[in-house]
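Before any comments, here is the structure.
The values are calculated or read from the model by the stated rules, or taken from the named source; none is laboratory data. A quick note: this is a predicted structure, and the numbers were derived from the prediction, not measured. Cβ placement follows ideal geometry from the backbone for every residue including glycine, while neighbour counts extend to all protein chains displayed. Side chains included, ligands, DNA and RNA excluded: accessible areas come from the protein's heavy atoms. Shrake-Rupley method; radii C 1.70, N 1.55, O 1.52, S 1.80 Å.
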Amino acid sequence: MSGSRAYAETARRLTALRACDTVLSGTRPASVAEQVDAMRAAATDPLPDVYGEGGAVETLERRVADLLGTEAAVLLPTGTMAQQIAMRYGAELTGRAAVGLHPLSHPLMHERDAYAVLGGLRAVLTTSALRNPVAAEVAELPEPVGTLLLELPLRDAGFVLPTWDELVDVVRAARATGARVHLDGARLWESTVHLGRPLPEVAALADSVYVSFYKSLGGISGAALAGDAALARYARVWRHRYGGMLFQQWPAALTALHGLDHELPRLAGYVAHARTVAEVLARLPGARVFPSPPHTHQFRLWLPYPADTLDDANLALAEEEKVWFAGRWRDGEVPGLAMTEVTVAGPALALDADAITDLADRFLHRVTKG
């Protein structure tokens, strides 16, 4: 599919979602004007940042460090850059070029092997199970690693999290081998409910933590790498070397601050409501939900139909009835069975179990009718 055609399809989907009165999975995309309004609401610094110094960038970095309980935090344009810097730093400090990675982790699935191509690092796979590694697996890795990367939650396994005790044990096991620990916390904000610990206590387990500003907080882009002052100094150097030293970053910083003010306090409520949504959807004919109950406000849903059929039905429901069920279905390994990621956010809070059941019935009516 050409780029222009793919964008046209994406634009059609986003336009339909934005016009919906009822949304089960996801949020209505903000317009450019609405994003500008969010920036204006968060703007308190009189001057813009300049090459990462001052203004909203400095305000955001202090805010994130305070939230995570770390000595410092550095704003970066992408999470991919944050991951590369953290893994490179671990290799330089320990003298070990190997990184402990889950085969479904973001660096292996979504970063085009940047850790190897740009960083000269190599992956040591930690486990093939659909979860983060446990202590025994880390203790028995075939070679020493400089950094153990733990993705919380592990998105491509179904947004799954360890228990708090499992997390503490695996960190202890990594330290016993001389490895540093890095948390891929793109969705760490909403993970505290399942872990049962506040953000500073979770972050304190690791040597470095990456958090995203757009995945759950609604920012336009951007990430932060947090840790001690030495890591922050290193991150600023490599931010420049990787081409991330933007002249001004205040748009990303301001929408991140807006998200911290308005979305972060609501995430625990989303996680709680996701359990209700998952319970209802699991009762649909032929449905499968994982994990059950969800660990965060996101989970996987399978239905026994081809992905194109489900996407077409969802788009028709949105365009004709202004109701959004769930989109972006993917065919699974079993023919005729497709999966989507359900994200329970603000719009879904207005839907109780009966309303969710009604919405799902309307969606499946279109699927079977088609």
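For the subset of segment 86-112 comprising residues that are of a type in the set (D, E, K, R) and closer than 18 Å to residue 234 by Cα, which member is surrounded by the fewest Cβ atoms within 10 Å (Cβ to Cβ)?
Kept after step one, since they are of a type in the set (D, E, K, R), are these residues of segment 86-112: 88, 92, 96, 111-112.
Still in the list and also closer than 18 Å to residue 234 by Cα: 88, 92, 96.
On the way: 88: 24, 92: 12, 96: 21.
Ranking the qualifying residues of segment 86-112, first place goes to 92.
Mind checking which residues of segment 114-126 are in a loop (DSSP other than H, G, I, E, B) and either over 21 Å from residue 94 (Cβ atoms) or of a type in the set (Ser, Thr, Tyr) (or both)? Let's see the steps before the verdict.
Let us first name the residues in segment 114-126 that are in a loop (DSSP other than H, G, I, E, B), namely 118-121, 126.
Residue satisfying the conditions is 126 alone.
Looking only at segment 12-19, decide whether some residue is out of contact with any Cys (no Cβ under 8 Å at 6 or more places or on another chain) and farther than 30 Å from residue 354 by Cα. Step through it out loud before you land on a result.
Initial filter on segment 12-19 (out of contact with any Cys (no Cβ under 8 Å at 6 or more places or on another chain)): 12-19.
If we keep only those that are farther than 30 Å from residue 354 by Cα as well, we get none.
No: segment 12-19 contains no residue that is out of contact with any Cys (no Cβ under 8 Å at 6 or more places or on another chain) and farther than 30 Å from residue 354 by Cα.
When you check residue 13 against the structure, is it under 21 Å from residue 327 (Cα atoms), touching a residue at least 24 places away in the same chain (Cβ under 8 Å) and among the basic types (Lys, Arg), yes or no? Working first, answer last.
On the way: under 21 Å from residue 327 (Cα atoms): yes; touching a residue at least 24 places away in the same chain (Cβ under 8 Å): yes; among the basic types (Lys, Arg): yes.
Considered against the rule, which asks whether it is under 21 Å from residue 327 (Cα atoms), touching a residue at least 24 places away in the same chain (Cβ under 8 Å) and among the basic types (Lys, Arg), residue 13 comes out as yes.
Let me spell it out: the conditions are (1) touching a Pro at 6+ places or on another chain (Cβ under 9 Å); (2) free of Cβ contacts under 8 Å to residues at least 40 places away in the same chain, and residue 161 meets all of them except one. Which number is the exception?
(2)
Evaluate segment 237-251: report whether one residue or more is surrounded by fewer than 17 Cβ atoms within 10 Å (Cβ to Cβ), touching a helix residue (DSSP H, G or I) at 6+ places or on another chain (Cβ under 7 Å) and farther than 30 Å from residue 40 by Cβ.
Checking segment 237-251: not a single residue is surrounded by fewer than 17 Cβ atoms within 10 Å (Cβ to Cβ), touching a helix residue (DSSP H, G or I) at 6+ places or on another chain (Cβ under 7 Å) and farther than 30 Å from residue 40 by Cβ.
Can you go through 53, 34 and tell me which one is acidic (Asp, Glu), open to solvent by 50 Å² or more (accessible area, probe 1.4 Å) and within 30 Å of residue 359 (Cα to Cα)? Give the derivation first.
Numbers: 53 fails: within 30 Å of residue 359 (Cα to Cα).
Every option except 34 fails the conditions.
Output the residues belonging to segment 261-282 that are touching a Phe, Trp or Tyr at 6+ places or on another chain (Cβ under 8 Å) and open to solvent by less than 10 Å² (accessible area, probe 1.4 Å). Steps first, answer last, please.
The first filter runs over segment 261-282 and keeps only residues touching a Phe, Trp or Tyr at 6+ places or on another chain (Cβ under 8 Å), leaving 264, 267, 274, 278.
Result: 267, 274, 278.
Please go through segment 23-39 and pick out each residue that is free of Cβ contacts under 8 Å to residues at least 40 places away in the same chain and either of a type outside the set (Gly, Ala, Ser) or closer than 18 Å to residue 73 by Cβ (or both). Give the steps one after another, and end with the answer.
Here is the first cut: in segment 23-39, the ones free of Cβ contacts under 8 Å to residues at least 40 places away in the same chain are 29, 31-34, 36-37.
29, 32, 34, 36, 37 - these are the residues of segment 23-39 that are free of Cβ contacts under 8 Å to residues at least 40 places away in the same chain and either of a type outside the set (Gly, Ala, Ser) or closer than 18 Å to residue 73 by Cβ (or both).
Looking at segment 127-147, which of the residues that are among the hydrophobic types (A, V, I, L, M, F, W, C) and in a loop (DSSP other than H, G, I, E, B) is most open to solvent (accessible area, probe 1.4 Å)? Walk me through it before giving the result.
Narrowing segment 127-147 to residues among the hydrophobic types (A, V, I, L, M, F, W, C): 129-130, 134-136, 138-139, 141, 145.
Next, only the ones that are in a loop (DSSP other than H, G, I, E, B) stay: 129-130, 134, 141, 145.
Details: 129: 30, 130: 107, 134: 47, 141: 31, 145: 5 Å².
Checking each candidate, the answer is 130.
Can we say residue 117 is more than 23 Å from residue 204 (Cα to Cα) and open to solvent by 50 Å² or more (accessible area, probe 1.4 Å)? Lay out the reasoning, then the answer.
Details: more than 23 Å from residue 204 (Cα to Cα): yes; open to solvent by 50 Å² or more (accessible area, probe 1.4 Å): yes.
Considered against the rule, which asks whether it is more than 23 Å from residue 204 (Cα to Cα) and open to solvent by 50 Å² or more (accessible area, probe 1.4 Å), residue 117 comes out as yes.
Of these, 9, 111, which one is within 18 Å of the chain's Cα centre (by Cα) and charged (D, E, K, R)? Can you show your working first?
On the way: 9 fails: within 18 Å of the chain's Cα centre (by Cα).
Only one candidate passes the filter, namely 111.
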